[in-house]
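The values are calculated or read from the model by the stated rules, or taken from the named source; none is laboratory data. If you're wondering where the values come from, they're calculated on a predicted model, not measured in any experiment. Cβ coordinates were reconstructed from backbone atoms using ideal geometry, including for glycine residues, and neighbour counts include every protein chain displayed.
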Amino acid sequence: MLISAAGPTHLHADSDRWAVRASVVRGESHVRRDSVCQDCFAADVRGRRFVAVAADGAGSAPRSDQGSLLAARAIVSALLAPETRLTRVSIIDAMATARAALADEATQNNERVDDYATTVVGAAMQGSNGIFFHLGDGLALAFGFASESSEVRAISTGTPSDFANVSSFLTQADWQSNIVFTPVRAADSLMLMTDGFSPFALDRRGKPKPRFYQPILDFMRAHPGSVGAQGLTDMMNTPVVRKTSGDDCTLIWAGLREQA
């Protein structure tokens, strides 16, 4: 696995084709309650293929911190298996594999699979083209470089919900019908984030805010390695975010190093 961790932490990794920076910050409400961080991330590269997942364990599920990490790792591993093509069918199969792993873990511990409930915000890329796969809340953005700024090439806001603070989870019986797929074309950088941080990225019309994403993209391009990953942590730990969100926050940035 290129990078994979439960929060709070930040990691970075580079391959010949992709640079990855990721951070998970424990939410202020979790700190006050002395509860575990339930967010996690996983990302890996195989040749021209890149797969990343940010996952947010359900606050009401007692084992969701374990469920989010287990699911994220299983999905990434399945999609990067030899001979696997990055298609909607293979993504559904990978998510089914992850759900089965959650069910097995629950059975071994005499628990319910719902105890491991988690959302999934994922990207599966073949060079600059690919697909977002999204179950539940959170946000995925893809960008292409255009003159002096970055152009939004794709956006996924997740599974539609009729009610605020009600999400969809991989452990639900109808999980497959709730997956949202979004094509990504001609992208050179991505951001995946959980719902603790995603509201800061959008305006009132639900559009990505340049004043949010452009400074992040500029910083990531200018600061490689651990400095970039630490920068994500510092940003999500600002007083405004801590006070406004209260929830765990995860942000994965990935940049294509070689156009392919």
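Report yes if some residue within region 86-98 is closer than 21 Å to A6 by Cβ, small (G, A, S) and either part of a helix (DSSP H, G or I) or in contact with a strand residue (DSSP E or B) (Cβ under 9 Å, 6 or more places away or on another chain) (or both); otherwise report no. Yes, because at least one residue in region 86-98 is closer than 21 Å to A6 by Cβ, small (G, A, S) and either part of a helix (DSSP H, G or I) or in contact with a strand residue (DSSP E or B) (Cβ under 9 Å, 6 or more places away or on another chain) (or both). Annotation: of all residues in region 39-86 being polar (S, T, N, Q) and more than 13 Å from the chain's Cα centre (by Cα), the one that is nearest to A96 (Cα to Cα) is S77.
A Cβ distance below 9 Å, combined with a sequence gap of six or more or placement on separate chains, defines the contacts here; from region 106-130, residues that are under 19 Å from R85 (Cα atoms) reach residues that are exposed (fewer than 15 other Cβ atoms within 10 Å of the Cβ) and polar (S, T, N, Q) in the pairs A124/T87; G127/Q259; S128/Q259. Does I216 fit the bill of being out of contact with any Ser or Thr (no Cβ under 6 Å at 6 or more places or on another chain), more than 14 Å from P8 (Cα to Cα) and of a type in the set (V, I, T)? Yes: the conditions hold for I216.
To keep it simple, each residue is scored yes or no on (1) closer than 22 Å to A106 by Cβ; (2) touching a His at 6+ places or on another chain (Cβ under 6 Å); (3) modelled with pLDDT under 95; (4) in a helix (DSSP H, G or I).
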site: H30; (1), (2), (3), (4): no, no, yes, yes
site: C40; (1), (2), (3), (4): yes, no, no, no
site: D44; (1), (2), (3), (4): no, no, no, no
site: V51; (1), (2), (3), (4): no, no, no, no
site: S60; (1), (2), (3), (4): yes, no, yes, no
site: Q66; (1), (2), (3), (4): yes, no, no, yes
site: A74; (1), (2), (3), (4): yes, no, no, yes
site: A78; (1), (2), (3), (4): yes, no, no, yes
site: A81; (1), (2), (3), (4): no, no, no, no
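Restricting attention to region 116-127, the residues that are farther than 15 Å from S198 by Cα and buried (at least 20 other Cβ atoms within 10 Å of the Cβ) total 6.
Okay, residues lined up against (1) in contact with a strand residue (DSSP E or B) (Cβ under 9 Å, 6 or more places away or on another chain); (2) surrounded by fewer than 20 Cβ atoms within 10 Å (Cβ to Cβ); (3) at pLDDT 95 or above:
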site: I216; (1), (2), (3): yes, no, yes
site: T233; (1), (2), (3): yes, yes, yes
site: T244; (1), (2), (3): no, yes, no
site: A260; (1), (2), (3): yes, yes, no
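Counting the residues of region 214-246 that are small (G, A, S) and farther than 19 Å from A43 by Cα gives 3.
Candidates are the residues of region 161-186 that are more than 20 Å from S68 (Cα to Cα) and more than 17 Å from the chain's Cα centre (by Cα); the one that is surrounded by the most Cβ atoms within 10 Å (Cβ to Cβ) is A186.
Within region 1-28, being crowded, with 19+ Cβ neighbours inside 10 Å and modelled with pLDDT under 90 holds for L2, G7.
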